[in-house]
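Below is one structure, written out as structure tokens, with a few remarks after it.
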Amino acid sequence: MPNDDFVRSLGPAFLPHMLRRLSDLMVDAGTEWTKLAPALPPVRTHSTMFALDRHGELAVTELAALIRQSHPHALQWVKALEKLGLVARHRHPNDARRTMLRLTVKGAATMPAIHHARSVNEEVVRRLSAELGDDLWERLGRLEAILNDRSYIARMTEIAKSVGEDDR
């Protein structure tokens, strides 16, 4: 693999690509780490476990909104947790269209290990921030808030009007 990073050479327009790549690096490493602790479910499902632990029962749509992920992603994680016996589904007693989720006894018993994994991950992020000389978590939170206030697409549309075809 060449030392040059093609995507990075394309410039800041590829920030989303870089962020996805960084996310994958971190999640993949977390996945490898969880193999050392068999009691842990996949890293991508931890937010689902925390949400159900904190809120008790949730509908799939409520879960997706709470963890700010798409319904298909949330459903994918729920299915993975169901296979592990950590989450159970049932129909809402008053609305059969709604599928409710809850932690199983096994899922609740897994929470201390997930809390430990969260502490480890938090310390890794703190140390990465120290190496960067900046609070990475705070910066990403600010970026998300800015984009929630005024979307990326709105910004692109505005800039596209002022950037001429000759700039390509």
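Nothing in this text is a laboratory measurement; each read-out follows from the coordinates by a stated rule. All of these numbers come straight from a predicted model, not from anything done at the bench. FYI the Cβ positions are ideal-geometry reconstructions off the backbone, even for glycines, and counts take in every protein chain you see.
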On a full-extension model of 0.36 nm per residue, what is the gain between R54 and R102, subtracting their alpha-carbon distance, rounded to one decimal in nm? 16.2 nm
For region 40-110 the trypsin sites (Lys or Arg not before Pro) that pass both the DSSP coil test and the at-most-12 other-Cβ-within-10 Å test are R68, R97
Charge context of A59, other residues only, Cβ under 13 angstrom, K/R +1, D/E -1: +2
Just to confirm the filter: which trypsin sites (Lys or Arg not before Pro) across region 1-40 are DSSP coil and have at most 10 other Cβ within 10 angstrom of their Cβ? K35
Taking θ as phi - 60°, what are the ³J(HN,Hα) couplings along region 60-77 by the Karplus curve (6.51, -1.76, 1.60), each to the nearest whole Hz, with x for Gly and Pro? 4, 5, 5, 4, 4, 5, 5, 8, 6, 10, 5, 4, x, 5, 4, 5, 4, 5
How big is Rg to Rh over region 20-164, alpha-carbon atoms, Rh as the Kirkwood inverse-mean-distance radius? 1.05
Using label points projected 7 Å from each Cα along Cα→Cβ, tell me how many nm separate S9 and R68, to one decimal. 3.4
